[in-house]
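Enquirer: Encoded as structure tokens, here's the structure I'll be asking about.
The values are calculated or read from the model by the stated rules, or taken from the named source; none is laboratory data. All of these numbers come straight from a predicted model, not from anything done at the bench. Every residue, glycine among them, receives a Cβ derived from its backbone with ideal geometry; neighbour counts consider all protein chains shown. Ligands, DNA and RNA are excluded from the accessible area calculation, which covers all protein heavy atoms including side chains. Shrake-Rupley method; radii C 1.70, N 1.55, O 1.52, S 1.80 Å.
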Amino acid sequence: MSEKYRVVVVGMGKRGMHHAQAFQANSSFEVTGICDVDAARLAAAAAKLKPAVQGTDALDVALEARPDVFCFCTLPQLRASMIRIGIASGARLIAFEKPIALSSAEAMEIRKLLNDSGVLAVVSHQHRYGEHYRKVKEAIVNGALGRIHTVYGTATGWMMHLLSHLIDYMRWYNGEAEAEWVMAQAAGRGKLTDAHPSPDYIAGFIQFANGVRGIVESGAGAPDVPEVEYWWRKCRIGAMGADGFAEVLTGGGWRVITRTQVGAGPGSMNYDLDMPPYIQDIANWLDDPTQVHPCNFGSAYKGFEIMMALCRSAAHGGQVALPLTEGADELALLAARLPDRKVLCTPGATAKEYG
Ligand SMILES: NC(=O)c1ccc[n+]([C@@H]2O[C@H](COP(=O)([O-])OP(=O)(O)OC[C@H]3O[C@@H](n4cnc5c(N)ncnc54)[C@H](O)[C@@H]3O)[C@@H](O)[C@H]2O)c1
């Protein structure tokens with residue numbers, strides 16, 4: 001490739017700046033357009049990035065800059081509308097943040113928009129690039145754990161922030177297996193109106209088609225991870241097999257324990273380390289269609305579908321079969337069904353986050 005891929009980034013908050021700076025630092029890309037509705041944020045970002053095009057309207061910026069990559073890092077209430085803008089801009093690839101949508105209905109709409117247009121998409125579950133996350137993957141792939149029977153993930157943070165991360169890495173550890181059904185319970189209405197709207201606590205089971213069982217918990221009732229100080233990184237994700245187990249703590253390294261070996265090491269989620277390879281894999285996919293990005297939309301969709309199925313089960317009871325065939329608004333289902341009782345928090349630092 002001789003010319004650089006042109007990138008537009010919309011939303012110059014925390015994650016937008018991470019993305020823009022990682023694109024700018026990669027020799028395959030140049031950030032040619034940026035957008036934020038907040039003029040002060042836009043000006044601050046423009047001073048750093050010096051894009052050819054800037055503005056407060058995403059469609060105007062995208063149509064003027066005509067990017068190869070349309071990236072948006074807005075809060076979760078803006079997804080399908082930004083996908084439409086990305087497609088209208090003529091971009092070949094859309095890079096955006098988790099969660100992919102706020103409902104299965106919106107996720108299905110986005111899937112159709114992408115399928116119909118042929119535009120590629122990646123979703124930022126970039127923890128996969130962390131060395132400590134990879135140590136666990138290595139132990140699974142090299143057979144050290146034997147046949148995997150269980151994958152699990154817990155996070156004290158709430159669903160729309162963290163559950164799609166947990167499920168994505170559990171699916172990765174489980175070879176991206178399809179899910180057959182889920183069953184869940186949820187509690188607490190406090191975060192239903194948050195910018196990342198969620199039940200305060202959701203916990204459930206996933207039956208994967210390869211026989212592996214998934215167990216997830218996210219929110220106020222999830223167990224503390226006492227090994228980790230930083231609250232948002234109190235996440236534990238792992239796999240158990242016939243011969244041992246391995247797990248990563250988002251802010252506390254990794255450990256592998258098998259019949260023949262005991263290993264452990266450091267590591268904490270680090271945007272500076274995770275973003276460059278995530279962005280490089282975007283260039284690789286654009287250069288060569290066979291080098292599909294590990295964080296491709298199709299994979300993220302399957303994780304999100306599991307998350308929405310868990311919500312449906314929590315709202316209606318019983319098992320929910322996958323794949324979902326009809327769209328729904330799962331947060332509305334939960335708002336209609338969740339009991340009006342304050343969530344019970346696990347000990348530790350969690351209670352102050354849930355009021
Ligand atoms: N992958 C990760 O590790 C990770 C970490 C943190 C956050 N996130 C996700 O990233 C997303 C963004 O989070 P953040 O912390 O960067 O948020 P933020 O609030 O810092 O930034 C969002 C920006 O979008 C701008 N914006 C809002 N509406 C807009 C519009 N219509 N057009 C242009 N700009 C608009 C806002 O003014 C703001 O500057 C969320 O979905 C969040 O869940 C992911």
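Enquirer: If only Cα atoms are counted, what is the Rg of the stretch 211-266, and what is its Dmax, in Å?
Expert: 12.5, 37
Enquirer: Right, next: If Lys and Arg each add +1 and Asp and Glu each add -1, what is the summed charge of the other residues whose beta carbon sits under 13 Å from the beta carbon of Pro226?
Expert: 0
Enquirer: Between Arg134 and Asp329, what's the calculated FRET efficiency when r is the beta-carbon distance and R0 is 35 Å? Round to 0.05.
Expert: 0.45
Enquirer: Then there is this: Accessible area per residue, 1.4 Å probe, Å², for the chain: what's the number? All intermediate terms of the calculation are to be shown ahead of the outcome.
Expert: Values: 14390 Å² over 355 residues.
Per-residue value: 41 Å².
Enquirer: Take the stretch 94-176, drop everything but the C-alpha atoms, weight them equally and run the Debye formula without solvent; then report log10 I(q)/I(0) at 0.23 Å⁻¹ to two decimals.
Expert: -1.15
Enquirer: To continue, here is another question. If I histogram all Cα-Cα distances within the stretch 179-243 using bins 10 Å wide from 0, what percent of pairs lands in each bin?
Expert: Each 10 Å bin holds this share of Cα pairs: 18, 39, 34, 8, 0.
Enquirer: Please state the equivalent ellipsoid semi-axes for the chain: what are the square roots of 5 times the Cα gyration tensor eigenvalues, largest first, in whole Å?
Expert: Values for the chain, descending: 32, 24, 20 Å.
Enquirer: Rounded to the nearest 0.05, what FRET efficiency do Val262 and Lys4 have when you use their Cβ-Cβ distance and R0 = 56 Å?
Expert: 0.75
Enquirer: Pairs of Cα atoms under 8 Å, at least six residues apart: use those to get the relative contact order of the stretch 45-104, whole percent.
Expert: 35
Enquirer: Another one. What is the spin-label model distance, in nm, from Glu227 to Ala40 if the labels are put 7 Å beyond Cα along the C-beta direction?
Expert: 4.1
Enquirer: Give me the number: length gained by fully extending Leu273 to Phe205, i.e. 0.36 nm times residue separation minus the C-alpha to C-alpha distance, one decimal in nm. List each step's numbers first, then the result.
Expert: Values: separation 68, 0.36 × 68 = 24.48 nm, distance 3.19 nm.
Between Leu273 and Phe205, full extension yields an extra 21.3 nm.
Enquirer: Something else about it: For the chain, which whole percent of the accessible surface, found with a 1.4 angstrom probe, sits on carbon and sulfur atoms?
Expert: 53
Enquirer: Return the calculated 222 nm mean residue ellipticity for the chain, to the nearest 500 deg cm²/dmol, obtained by summing -39500 (n - 2.57) across DSSP H runs with n ≥ 4 and dividing by the residue count.
Expert: After summing the helix terms and dividing by the residues of the chain, the value is -11000 deg cm²/dmol.
Enquirer: In the stretch 184-210, whose amide N lies under 18 Å from the spot 7 Å out along Cα-to-Cβ of Ala321? List them in ranges.
Expert: Counting only backbone N, you get 184, 206-210.
Enquirer: Next question. Give, rounded to the nearest 20 debye, the magnitude of the charge dipole that the chain has about its Cα centre when Lys and Arg contribute +1 at Cβ and Asp and Glu contribute -1 at Cβ.
Expert: 540
Enquirer: Across every pair of different alpha-carbon atoms, what Kirkwood hydrodynamic radius in Å does the stretch 252-351 reach?
Expert: Every distinct Cα pair counted, the radius reaches 18.3 Å.
Enquirer: So, in nm, how far is label Lys48 from label Arg92 when the simple model puts each one 7 Å beyond its Cα toward the Cβ?
Expert: Here the answer is 2.8 nm between the modelled labels.
Enquirer: If N is the number of residues in the stretch 1-96, what value comes out of its Cα radius of gyration divided by 2.2 N^0.38 Å?
Expert: Here the Cα radius of gyration is 0.94 times the empirical estimate.
Enquirer: In addition: Treating cross-link reach as a plain straight distance, find the lysines whose alpha-carbon is under 21 Å from the alpha-carbon of Lys14, omitting any fewer than eight places away in the same chain.
Expert: Within reach: Lys48, Lys50, Lys98, Lys234.
Enquirer: Over the chain, what is the mean sequence separation of C-alpha contacts under 8 Å (at least six apart), divided by residue count, expressed as relative contact order in percent?
Expert: Relative contact order for the chain comes out at 18 percent.
Enquirer: Using only alpha carbon pairs under 8 Å that are at least six residues apart, calculate the relative contact order of the stretch 257-355 and give it in whole percent.
Expert: Relative contact order of the stretch 257-355: 14 percent.
Enquirer: Now for a separate question. Would you please give the residues with an amide H less than 5 Å from that of Ala179, counting only those at least 5 places away or on a separate chain, with H modeled from the backbone geometry?
Expert: For Ala179, whose amide H was placed from the backbone, the distant partners under 5 Å are Ala209.
Enquirer: If we count every other residue with Cβ under 12 angstrom of Leu113's Cβ, Lys/Arg +1 and Asp/Glu -1, where does the sum land?
Expert: Details: positive: Arg79, Arg84, Arg111, Lys112; negative: Glu106, Glu109, Asp116.
With Lys, Arg at +1 and Asp, Glu at -1, the neighbours total +1.
Enquirer: Can you compute log10 of I(q)/I(0) for the stretch 74-130 with the Debye formula, treating each Cα as one identical point scatterer, at q = 0.14, 0.17, 0.23, 0.28 Å⁻¹?
Expert: One equal scatterer on each Cα of the stretch 74-130 leads to -0.35, -0.52, -0.91, -1.23.
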